[in-house]
Structure formats: C-alpha cells, structure tokens
Amino acid sequence: MAESVYKVIELIGTSEQSWEDAARKAVETAGKSLQDLRVAEISKLDMKVENDKVVAFRAKVSLSFKFKQD
C-alpha cells in the first residue's frame, strides 16, 4: 500500500442563502486551484447580522487534499 501525505487548509465560504451553500462555495472555489480534494469538515457556522437581520451565512471549512508524490 502506497503512503500518502495530505495538507489541511481552512476556508470560510459565504452565502446569502444558507450555510450549506456557503460550505459548497468554499469547496468548489478551492477546487478551481487545488487538485485531489479529499475531505471537507465544517468546523464553525455563523451569520452576519446588519440592522437586526441576517444578511449572510458563513461556514468555516477544513479541507484536505493529497500532496502529489513524484
């Protein structure tokens, strides 16, 4: 079995619609520049509030991807 090395980064996605949409946007945006994404874990959910109204949902995502080995 080949050994692997993974990197974990933290991202914050935002959405006016939902936490799920915020998390999805974070992962999909990362996927445009990173390859071999493996696991996304939601570590925190919060909301941006203005004038007593929720204006945005935010999801903090820990995302792992595999390092390429030569």
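The values are calculated or read from the model by the stated rules, or taken from the named source; none is laboratory data. In this text, all values refer to a predicted model and were calculated from it rather than measured experimentally. Virtual Cβ from ideal backbone geometry, glycine too; neighbours counted across all protein chains shown.
If you scan the range 49-62, which residues turn out to be of a type outside the set (S, T, N, Q) and under 17 Å from the mean Cα position of the chain (by Cα)?
Within the range 49-62, Ala56, Phe57, Arg58, Ala59, Lys60, Val61 meet the criteria.
Name, by its number, the condition in (1) at pLDDT 95 or above; (2) of a type outside the set (Lys, Arg); (3) loosely packed, with under 13 Cβ neighbours inside 10 Å; (4) over 11 Å from the mean Cα position of the chain (by Cα) that does not hold for Asp46.
The number of the failed condition is (3).
For residues that are surrounded by 11 or more Cβ atoms within 10 Å (Cβ to Cβ) and within 16 Å of Lys7 (Cα to Cα), scanning just the range 49-70, find the one that is modelled with the lowest pLDDT.
Ranking the qualifying residues of the range 49-70, first place goes to Lys66.
What number of residues within the range 4-43 are acidic (Asp, Glu), part of a helix (DSSP H, G or I) and under 10 Å from the mean Cα position of the chain (by Cα)? Before you say what the answer is, go through the steps one by one.
First pass over the range 4-43, keeping only residues acidic (Asp, Glu): 10, 16, 20-21, 28, 36, 41.
Checking the rest, the ones that are also part of a helix (DSSP H, G or I) come to 20-21, 28.
Going one step further and asking which of them are under 10 Å from the mean Cα position of the chain (by Cα), we end up with 28.
Residues flagged as acidic (Asp, Glu), part of a helix (DSSP H, G or I) and under 10 Å from the mean Cα position of the chain (by Cα) within the range 4-43 amount to 1.
Here are some conditions: (1) surrounded by 10 or more Cβ atoms within 10 Å (Cβ to Cβ); (2) at pLDDT 95 or above. Lys7 meets all but one. Which one does it not meet?
(2)
Are any residues in the range 50-68 farther than 20 Å from Glu28 by Cα and either touching a strand residue (DSSP E or B) at 6+ places or on another chain (Cβ under 7 Å) or of a type in the set (S, T, N, Q) (or both), and if so, which ones?
Selection gives Asn51, Val54, Val55.
For the range 21-43: of the residues being of a type in the set (Ser, Thr, Tyr) and free of Cβ contacts under 8 Å to residues at least 24 places away in the same chain, which is surrounded by the most Cβ atoms within 10 Å (Cβ to Cβ)? Explain how you work it out, then say what you get.
Our first condition is that a residue be of a type in the set (Ser, Thr, Tyr); within the range 21-43, this holds for 29, 33, 43.
Among the residues that remain, those that are also free of Cβ contacts under 8 Å to residues at least 24 places away in the same chain are: 29, 33.
Numbers: Thr29: 12, Ser33: 6.
Selected residue: Thr29.
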